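Below: the structure, in structure tokens.
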Amino acid sequence: MPQSALSTDGALVLFSGGQDSTACLAWALARYDRVETVGFDYGQRHIVEMTARQDVRGAVSARFPDWAARLGEDHVLDIRGFGAVAESALTADRAIEMTERGLPSTFVPGRNLVFLTYAAALADRRGLKALVGGMCETDFSGYPDCRRDTLDALETALNLGMDRDFRIETPLMRLTKAQTWALAKGLGGETLVELTVADSHTCYRGERGARHAWGHGCGECPACDLRAAGWSAWVAEGRPALTA
């Protein structure tokens, strides 16, 4: 998108430092003239993502000068009290397995609803209209708060409750993980792909030891499984680029 076509509404990206939020950050930087990021410390076991998100931001600024000029402040919100209430395998030393509800034990009830409510309050004060998140209901773990109908309902509630006109943007909602890799290439070429592999973090166990073709992680948790399968499918397709 040429700079003259950039939206002046401004965007706040829910930025964990993972593969999906890295793609969303690039997507927003290609569309908005001002982009800020917000991360959440909710007592997650994979707290290493809080370091990864700074590494990704730094790498994006260094390697994409046009985007660096649009990348604004980063915000980190402490909501560990919520994490304690909504205990799961992401916030406590519990096995990652399927529960009797048919959901992974990594499900944190209402997490995206809380994230977006805090993000909307911050966006209100920062004068930003777009809330950008990496929620997806194509290749995902089945979390109900990742579904677009959930986010449509929340968008309505936030706008009624804050008397604003926020838009919850979910550029990955209908994409497979293979298509997310393709989107990254379409947005930032092989540079963004390599940056995502090297610096982003998705593993639920917080492991940064071994580097696989798709990045760092334990290679066994649901997040690693999704990321690895998406990479393999994308490579099998010839590593195409997806036009943003």
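Every number here is computed from the coordinates shown, using simple stated rules; none is lab data. Only a predicted model underlies this, so the values are computations on that prediction, with no experimental measurement involved. Please note: Cβ atoms are built from the backbone with ideal geometry, for glycine as well, and neighbour counts cover all protein chains shown.
For this structure, a couple of remarks:
- Förster-model FRET efficiency, 22 Å R0, Asp55 and His75, C-beta, rounded to 0.05: 0.80
- Close amide H contacts of Tyr32 (hydrogens built in the peptide plane, cut-off under 5 Å, sequence separation of 5 or more or a different chain): Ser7.
- For the chain, the relative contact order works out to 22 percent when only alpha carbon pairs closer than 8 Å and six or more residues apart are counted.
- Length available on full extension from Thr243 to Ala153: 0.36 nm per residue minus the Cα-Cα distance, which gives 29.5 nm.
- Long-range HN-HN contacts of Glu169 with modeled amide H, under 5 Å: Leu131, Val132, Gly133
- Seen from Glu190, the other residues with C-beta closer than 13 Å to its C-beta sum to a net charge of +2, counting Lys and Arg as +1 and Asp and Glu as -1.
- Computed FRET value (nearest 0.05) for Ala236 with Ala68, which takes r as the C-beta separation and R₀ as 22 Å: 0.05
- Each of the peptides 64-73, 21-30 was scored by the mean count of other Cβ atoms within 10 Å over its residues; in descending order, highest first, they stand as 21-30, 64-73.
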